[in-house]
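For reference, the structure discussed in these notes is given below.
The values are calculated or read from the model by the stated rules, or taken from the named source; none is laboratory data. Since this is a predicted model, take the numbers as computed values, not measurements. Cβ sites come from the backbone with ideal geometry, for glycine too, and all protein chains shown count toward neighbours.
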Amino acid sequence: MRSQWIDPRYAEVVEVMGDLRRSGRRGACSACPGGLGYTVMVVGKDRKPVKTPCLVCNAASS
Ligand SMILES: [Zn+2]
């Protein structure tokens, strides 16, 4: 299913993004990918992906 080449360093991030996408949420958001309500960033030297609630989405929905 994955047709594009994925940098192994970011495989985990892609995984997390895939989870978010499968859990499916709202529509377009200018701040987070696909309006998922989260942004994913990689922190630390072990490159752990961390989900951060999207401020734009969460401000809009609360
Ligand atoms: Zn958002």
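If only residues of segment 42-51 that are under 10 Å from residue 10 (Cα atoms) and either among the charged types (D, E, K, R) or surrounded by fewer than 11 Cβ atoms within 10 Å (Cβ to Cβ) (or both) are counted, the one that is farthest from the chain's Cα centre (by Cα) is 47. For residues in segment 41-62 being among the β-branched types (Val, Ile, Thr) and within 14 Å of the ligand (Cβ to nearest atom), which is modelled with the highest pLDDT? Going through the qualifying residues, I end up with 52. Residue 38 fails exactly one of the following numbered conditions: (1) more than 9 Å from the ligand (Cβ to nearest atom); (2) at pLDDT 75 or above. What is the number of that condition? Going through the list (1) more than 9 Å from the ligand (Cβ to nearest atom); (2) at pLDDT 75 or above, residue 38 breaks only (1).
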